[in-house]
1. If a residue has to be surrounded by fewer than 16 Cβ atoms within 10 Å (Cβ to Cβ) and part of a loop (DSSP other than H, G, I, E, B) to count, how many in the range 226-255 make the cut?
2. Test residue 258 against the criterion of being in a strand (DSSP E or B), out of contact with any Phe, Trp or Tyr (no Cβ under 7 Å at 6 or more places or on another chain) and under 25 Å from residue 69 (Cβ atoms), and give yes or no.
3. One residue is enough: does the range 160-167 have a residue meeting the conditions more than 29 Å from residue 70 (Cα to Cα), in a helix (DSSP H, G or I) and among the aromatic types (Phe, Trp, Tyr)?
4. Could you grab me the full set of residues in the range 105-127 that are over 21 Å from residue 150 (Cα atoms) and outside any loop (DSSP other than H, G, I, E, B)?
5. Collect the residues in the range 189-225 that are part of a helix (DSSP H, G or I) and farther than 19 Å from residue 264 by Cα, keeping them in residue-number order.
6. Out of (1) touching a residue at least 12 places away in the same chain (Cβ under 8 Å); (2) under 19 Å from the mean Cα position of the chain (by Cα), the odd one out for residue 207 is which?
7. For residue 106, state whether it is touching a Pro at 6+ places or on another chain (Cβ under 6 Å) and either closer than 30 Å to residue 203 by Cβ or not hydrophobic (A, V, I, L, M, F, W, C) (or both).
8. Does residue 143 fit the bill of being under 20 Å from residue 60 (Cβ atoms) and within 17 Å of the chain's Cα centre (by Cα)?
Amino acid sequence: MNSPAENIVFTYILIVLAILASGCTSEADSSPAGDMMKVTVTILPQKEFVERVGGDDVEVFVLVPPGASPHSYEPTPSDLAKVSDSDVYVIMGSGIEFELLWLDKIRELNPDITIINSSEGVDLISGENDGGPDPHIWLSPRNVIKITVNIRDGLSAFDPSDSEYFWNNAALYIADLEGLDSVISKEIDESGIGIIMVSHPAWTYFARDYNLWQIAIQEEGKEPSPARIKELIDTAVENNVNVIFISPEFSSSNARVIADETGGEVVVLDPLAEEYIENMRKVSKAFSGEAIA
């Protein structure tokens, strides 16, 4: 439940945005980009998903900016102004903290916004926080095929006149995702790698799809105790784990301690990179033991 102070701040933001919107109505109506569908997404990878399906018909705004974490980011008044002017909000729908905290407020801000839930039909894995799902569904290309279908169907329902265009675009992107899945399967299988040690447990769906065991340094969003670090060091030595993968938005200090004690190295992989297919190719090579730039 929000505190009285939080409610006052949010109400103030609503009033300011309403004034801004009323002052810009005549300009927006006459804009040549007025027919373009304005789509908000939560995280950067979704930008590629929506743009590949929507093509030239969509203008995409990302709420959580580069370098920020969807676990903790709070939108700025400028972010909320963009959402208030959006036609569609494509949510991940898998339990990302940002969406859990802000979706209802966004609906208050823009009651006419169409919500497309990307997670429909995705087999969710239980996460470590309060028994809810692991939210990182986009880190499985197989899941992204289903996400693409959901976006295609949602955009088609919003704009039936361009449905064929969305379907054709989605088919091309799904073919690229299927190719990506085949490449990753081959690379991981041929590498013989069975274990990945990571700073943050973001790779659960990837590990499931490609038969990997993910060992995470963080547990339930908390940094490990000294005893847990000792346990991780022993596990790494016993299983010949010589690379610790870290996410750029989280601290690398504990990963570097483990790497130093085992003679390993630390490699940065970004689960929130914008260029999804390109990034997942990089991830596959890294997990397979290939050097990456």
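The values are calculated or read from the model by the stated rules, or taken from the named source; none is laboratory data. Predicted model, so just to flag it, every value in this text is computed and none were measured. Neighbour counts are summed over all protein chains in view; Cβ atoms, including those assigned to glycine, are modelled from backbone coordinates with ideal geometry.
1. Residues flagged as surrounded by fewer than 16 Cβ atoms within 10 Å (Cβ to Cβ) and part of a loop (DSSP other than H, G, I, E, B) within the range 226-255 amount to 5.
2. Spelling it out, it is not the case that residue 258 is in a strand (DSSP E or B), out of contact with any Phe, Trp or Tyr (no Cβ under 7 Å at 6 or more places or on another chain) and under 25 Å from residue 69 (Cβ atoms).
3. yes
4. Within the range 105-127, 105, 108, 109, 126 meet the criteria.
5. Matches in the range 189-225: 189, 190, 204, 205, 206, 207, 208, 209.
6. (1)
7. no
8. Judged against the criteria, residue 143 is a match.
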